[in-house]
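**Q** This is the structure, below, for whatever I ask next.
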Amino acid sequence: MIYPIENSALTQDIAKTGLRISEMPMGVQPQTRHFPARNRIMPGLARTTVVVEAAAKSGSLITTHNALDQSRDVFTVPGHPFDARTTGCNMLIRDGATLIRSANDVIEAVGQIAVQPIVELPLPEPKPQRSLRDVAGLHAQILERLGPSPVAEDQLIRDLGAASTIVTPAIVSLELDGRIKRQRGGLLSLVN
């Protein structure tokens, strides 16, 4: 399913000369909760991820975290400190991403990376699929433990007694659905 529909021509062009790939079966309607999984594929296909624009809460940052988890390099373009569209970029630079000022910086950095030997990493063990009932139950448990007063994410995970690898994707899904919001200091609360 092409989403957004305005990308139909681009999608056809990519099919002629490039690669279209998805973790979702053919015909599945695009939904917000699918985007984090999609964002895992993109850095996996590249040696580097370049972030040009990213708000503090954006899919670009999900992609970036996946790139780092996959031992990929992350480059980012800085933005004005008062521009909300670049807050995420500035945070990435603060946290150690390579600052990019021009295309030449990318070409230079990629050239240095290209001469390094490629190391084959073992594929991760496939994660067992969780049933929709299990996911819905976890969402309900998360929402029950949150209120208008912020709760630390790590405390929420401990309270649930589940692995962070199970709880974190559920938190991201609820955040993308607009049901919870992330606040400074790793705090979470319900959306009013």
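The numbers here are math on the coordinates, done by the rules we state, and not lab data. Predicted model only: the values in this text are computed from it and were never measured. With ideal geometry, Cβ positions are generated from the backbone for all residues, glycine too; neighbour counts draw on all protein chains shown.
**Q** Which value does Rg/Rh take for the range 132-190 over its C-alpha atoms, Rh per Kirkwood?
**A** Ratio of gyration radius to Kirkwood radius: 0.92.
**Q** In the chain, which longest range has no trypsin sites (Lys or Arg not before Pro) that are both DSSP loop (not H, G, I, E or B) and surrounded by at most 16 other Cβ atoms within 10 Å?
**A** My reading of the result: 131-178 is the longest stretch.
**Q** To the nearest 0.05, what FRET efficiency results for Ala103 and Met42 with a Förster distance of 22 Å applied to their C-beta separation?
**A** E between Ala103 and Met42, to the nearest 0.05, is 0.65.
**Q** Using Cα pairs closer than 8 Å and at least 6 residues apart in sequence, work out the relative contact order for the chain, in percent. Mind dumping the intermediate values first?
**A** Numbers: 200 pairs, mean separation 26.8, N = 192.
Relative contact order here is 14 percent.
**Q** How much length, in nm to one decimal, is gained on full extension between Arg182 and Ile5, taken as 0.36 nm per residue of separation minus their Cα-Cα distance?
**A** Numbers: separation 177, 0.36 × 177 = 63.72 nm, distance 3.00 nm.
Full extension of this stretch gives 60.7 nm more.
**Q** Between 0 and 90 degrees, rounded to the nearest ten: what's the tilt of helix 8-17 against the longest Cα principal axis of the chain?
**A** 50
**Q** Which angle from 0 to 90°, rounded to the nearest 10, does the C-alpha axis of helix 59-69 make with the longest principal axis of the chain?
**A** 80
**Q** Once a ≥ b ≥ c are taken as the square roots of the eigenvalues of the Cα gyration tensor of the range 12-62, is the result rounded (a/c under 1.5), prolate (a/b larger than b/c) or oblate (a/b not larger than b/c)?
**A** oblate
**Q** With a Förster radius of 41 Å, plug the Cβ-Cβ distance of Met26 and Glu144 into 1/(1 + (r/R0)^6) and report the FRET value to the nearest 0.05.
**A** Once rounded, the FRET efficiency stands at 0.70.
**Q** Please find, in a Gaussian network model of the chain (springs between Cα atoms separated by less than 10 Å), the residue of Ile14, Ile41, Ile100 whose mean-square fluctuation is greatest.
**A** Highest fluctuation among the options: Ile14.
**Q** Tilt of helix 103-114 relative to the longest C-alpha principal axis of the chain, in degrees (0 to 90, nearest 10)?
**A** So the inclination is approximately 90 degrees.
**Q** Name the longest site-free stretch of the chain, where the excluded sites are GluC sites (Glu not before Pro) in a DSSP loop with no more than 12 other beta-carbon atoms within 10 Å.
**A** The longest uninterrupted stretch comes out as 24-119.
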